[in-house]
Amino acid sequence: MTPDSRTTAGAGEVFDLGYKRYEGPREGRARSRKAIWLNGVRTAIGLGRGWQSKVLPGLLFVAVMIPAVVMALTASAAGAFDELPTHSDYYRIVSVILFLFAATIAPELLCPDRRDRVIDLYLVRPLTTTDYVVARWAAFFVVMLALVLIGQIVLFIGLTLAAEEPLEYIPDHWKDVPRFVAAGVAIAAFATTIPLAVSTFTVRRTYAAAAVIAIFLITLPVAGILSLCEADHSEGFGAAQQECEPATGDAAKWFALLSFPEVPMHVSDLIFDDEGDSEFAELVRELPATVPVGWFLILTLVPGGILWWQYKRMGR
């Protein structure tokens, strides 16, 4: 090293740029979990993105509200409450819309993060894969639960106002509230877990949505083929049962459980102590109540375990 180079190297200066040590609150993992959850809620309902992202959630929300409003207005006009659909029937009416919403929106919470490698940035923070999965699941569950309960609340208020004695309607029907809340929790948990679990197998949102829709669509006719007879059902399920027997015989009531869209509906019927008006419900009623409940838990907990395990393989 020459004397000139030593002189040049020693001519450096240190500047005080005003950097200060952070002395504010350190929220740690709790803050990270909350941020992931809030981002998931906003993503599910299209906030923070273009208007195109808000169209589908908005349309599905309106589609879920329409039956509740129509049922409430019908009650107000007719006043014949015994002939109107119940809170249990409302869930059956909107179940297809709920599953469609779950199939199309759930992949938005997981697929882009893996495709764009954003998940790697999340895990750099004091955040585990379990934290991420739980926060995403909780975010979509809250959205689904709000979606199913808002319609029920609108229906309950409409039926109350349409009653001849609104103050007497509430004491006589207050048990409907915890029932539709419990049934809503079951439906929301089921509709949340399966689409999210399927979304862990691809980074393409359209593929995940198509796979979820296919699962719900395919299991319905498969269950019908294995559990229902081939007679014409135009006169009703009871009449058809008198004319023929299912090809699977006594095992038909077990095969009726294969229809995925009906699984949470069976639990809802048990909660409301309702017989249900579907062909599959007629068969499932022949089974002990623990069977449809246990099957519901299997189809909710196993996909939940798959969801957790798929992400556990990615990080810590």
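Let me check against my output: what whole-number percent is the relative contact order of region 74-229, with C-alpha pairs under 8 Å and at least 6 apart?
Computed over region 74-229, the figure is 41 percent.
Among THR290, THR130, what's the order by accessible area (1.4 angstrom probe), most exposed first?
Largest accessible area first, the list is THR290, THR130.
Please work out how much length the chain gains when fully extended from GLU27 to LEU217, using 0.36 nm per residue of separation minus the C-alpha to C-alpha distance, in nm with one decimal.
63.9 nm
Ranking request for peptides 90-99, 296-305: highest mean number of other beta-carbon atoms within 10 Å first, then the rest in descending order.
Averaged packing, sorted descending, gives the order 90-99, 296-305.
When only C-alpha pairs under 8 Å and at least 6 residues apart count, what is the relative contact order of region 250-290, in percent?
So the answer I get is 50 percent.
The values are calculated or read from the model by the stated rules, or taken from the named source; none is laboratory data. In this text, all values refer to a predicted model and were calculated from it rather than measured experimentally. Methodologically, a virtual Cβ is constructed for each residue, glycine included, from the backbone with ideal geometry; neighbour enumeration extends over all protein chains shown. Just so you know, the surface numbers come from the protein's heavy atoms only, side chains and all, with ligands and any DNA or RNA stripped out. Shrake-Rupley method; radii C 1.70, N 1.55, O 1.52, S 1.80 Å.
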